[in-house]
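The block underneath contains the structure these notes are about, expressed in structure tokens.
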Amino acid sequence: MTMVDEEGRALFEPLPVFRPHVFSSPPLEENLLQATLWPEIMKLYGHGNELMTVTCSNKGDVIASACKGTSVDTSAVRLWDSKTWTSRGVLKAHTLTVTQLAFSSNDKYLLAVSRDRQWTLFRRQGDEYVLHVAYPKAHARILWAGVWSPDDKYFATASRDKTVKIWRVDGDEGKVTLHTTLTCPGSATALAWWPGGNVLAVGEEEGRISLWAPSPSSSSLSS
């Protein structure tokens, strides 16, 4: 039943009717505009420049974001509550753009890698994340990616210096040590850890993808 005013005009616009679409080839932008709807429910303000990276905790309660930056203030990581859409803190530790953020699978840690050649690890304490470890000059050049192993015992960082470094996180105290270094033919720009835990995929700037797994004769990784 449509509600109308005294002159018979509809008080509310009718809801659009959506029907499923089946495509035999990749859809064009026009198709996506007509067949998909992602309504905006909230804008979050705080960053002064265009966003560089956004991620969500595995529990889904915290969103972390970072924008392009050239100072401690503009390179800060901002945390948001996904239920109330309010700020849950600002993490200042880097001096240049944070290029990627990654929560450990148990959400105990938040890893940040940056153009300033360092990575930082923030540890959850109650409803907050506080700086746990900062590792300046972790690589010789820009860090492009960071990823956690499924068991949260290791994380990897990728850099323009053509290396991927695997770091071990030990015990409840969270002591971090360098476990091994992988050398790549080109600049390492992307990382993905297989959910099974034994294979690390490394993407390079030139388009190559290499897979690394533990060597049967040692604890190091080989491609």
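Just one of the numbered conditions (1) in contact (Cβ under 8 Å) with a residue 24 or more places away in the chain; (2) assigned to a strand (DSSP E or B); (3) open to solvent by less than 70 Å² (accessible area, probe 1.4 Å) is not true of residue 177: (1).
Residue 154 falls short of the stated requirement of being more than 25 Å from residue 199 (Cβ to Cβ), within 18 Å of the chain's Cα centre (by Cα) and not basic (Lys, Arg).
For the range 110-119, the set of residues classified as open to solvent by 10 Å² or more (accessible area, probe 1.4 Å) and in contact with a strand residue (DSSP E or B) (Cβ under 7 Å, 6 or more places away or on another chain) consists of 115, 117, 118, listed by residue number.
Rundown of residues vs (1) touching a helix residue (DSSP H, G or I) at 6+ places or on another chain (Cβ under 8 Å); (2) hydrophobic (A, V, I, L, M, F, W, C); (3) modelled with pLDDT of 95 or more; (4) not in a strand (DSSP E or B), yes/no style:
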| residue | (1), (2), (3), (4) |
| --- | --- |
| 102 | no, yes, yes, no |
| 110 | no, yes, yes, no |
| 113 | no, yes, yes, no |
| 117 | no, no, yes, yes |
| 120 | no, no, yes, no |
| 123 | no, no, yes, no |
| 131 | no, yes, yes, no |
| 141 | no, no, yes, yes |
| 144 | no, yes, yes, no |
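Here is the figure for the range 125-144: residues that are under 17 Å from residue 65 (Cβ atoms) and surrounded by fewer than 21 Cβ atoms within 10 Å (Cβ to Cβ) total 1. Count, please, the residues in the range 83-102 that happen to be within 16 Å of residue 67 (Cβ to Cβ) and free of Cβ contacts under 8 Å to residues at least 24 places away in the same chain. Qualifying residue count for the region: 1.
Selection within the range 80-99: residues that are modelled with pLDDT of 95 or more and of a type in the set (A, V, I, L, M, F, W, C). The member of this set that is surrounded by the most Cβ atoms within 10 Å (Cβ to Cβ) is 98.
Per this entry, residue 105 is counted among residues that are farther than 23 Å from residue 68 by Cβ, hydroxyl-bearing (Ser, Thr, Tyr), surrounded by fewer than 22 Cβ atoms within 10 Å (Cβ to Cβ) and touching a strand residue (DSSP E or B) at 6+ places or on another chain (Cβ under 8 Å). The set of residues from the range 22-79 being under 28 Å from residue 107 (Cβ atoms) and either exposed (fewer than 10 other Cβ atoms within 10 Å of the Cβ) or of a type in the set (Asp, Glu) (or both) comprises 38, 39, 40, 41, 42, 43, 45, 50, 61, 73.
The values are calculated or read from the model by the stated rules, or taken from the named source; none is laboratory data. Please read these numbers as outputs of a predicted model, since none were measured by experiment. In this analysis, Cβ positions are derived from the backbone assuming ideal geometry, glycine residues included, and neighbour counts consider all displayed protein chains. Just the protein is used for accessible areas: all its heavy atoms, side chains included, with ligands, DNA and RNA removed. Shrake-Rupley method; radii C 1.70, N 1.55, O 1.52, S 1.80 Å.
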